[in-house]
Amino acid sequence: MPRWQVILREAGANASWIDEISRSLIPDLSPGLRVGAFICPVSGDGFTPWINHVPCMIKANLPVYIYWPENGDNYDNRWVQVIRAFPYLGPYRPYNTNMVEVPLSND
């Protein structure tokens, strides 16, 4: 049994859930198969509580998709807050000249 499964079982995770995860692509970190993660460094409802794991994900070449603050009021101030709280995200900050906004789904 892989160590990650042992850790989850010892932490009290549901055995069926662990089995389902183990059969998915999530634990397969083979190049080209890494599922990746979407994170939000901005405080609020969508904030990613495990954001401190992002440096390990990047080091392991796991795709990391970062939701950045929207343009508008307090844009620069929000950036300062994000980079101050999570300095390792600084190199990944897009600037207005290269940021593409993707419309949100209404579903």
Checklist entry - What residue, among those in the range 61-76 that are at negative phi and modelled with pLDDT under 80, is farthest from the chain's Cα centre (by Cα)? => result Asp73
Next on the checklist: Show the residue pairs meeting these rules: Cβ distance below 8 Å; 6+ apart or different chains; first residue within the range 12-25 and farther than 22 Å from Gly36 by Cα; second residue of a type outside the set (A, V, I, L, M).
Outcome noted: Ala15/Arg9
Checklist outcome for this item: Every listed condition ((1) assigned to a loop (DSSP other than H, G, I, E, B); (2) open to solvent by less than 90 Å² (accessible area, probe 1.4 Å); (3) on the phi < 0 side of the Ramachandran plot) holds for Ile58 save (1)
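The values are calculated or read from the model by the stated rules, or taken from the named source; none is laboratory data. The structure presented is a predicted model; accordingly, all values stated were derived computationally and were not measured. Every residue, glycine as well, gets a Cβ built from its backbone with ideal geometry; the counts of neighbours run over all protein chains shown. Surface accessibility is based on the protein's heavy atoms, side chains included, excluding ligands, DNA and RNA. Shrake-Rupley method; radii C 1.70, N 1.55, O 1.52, S 1.80 Å.
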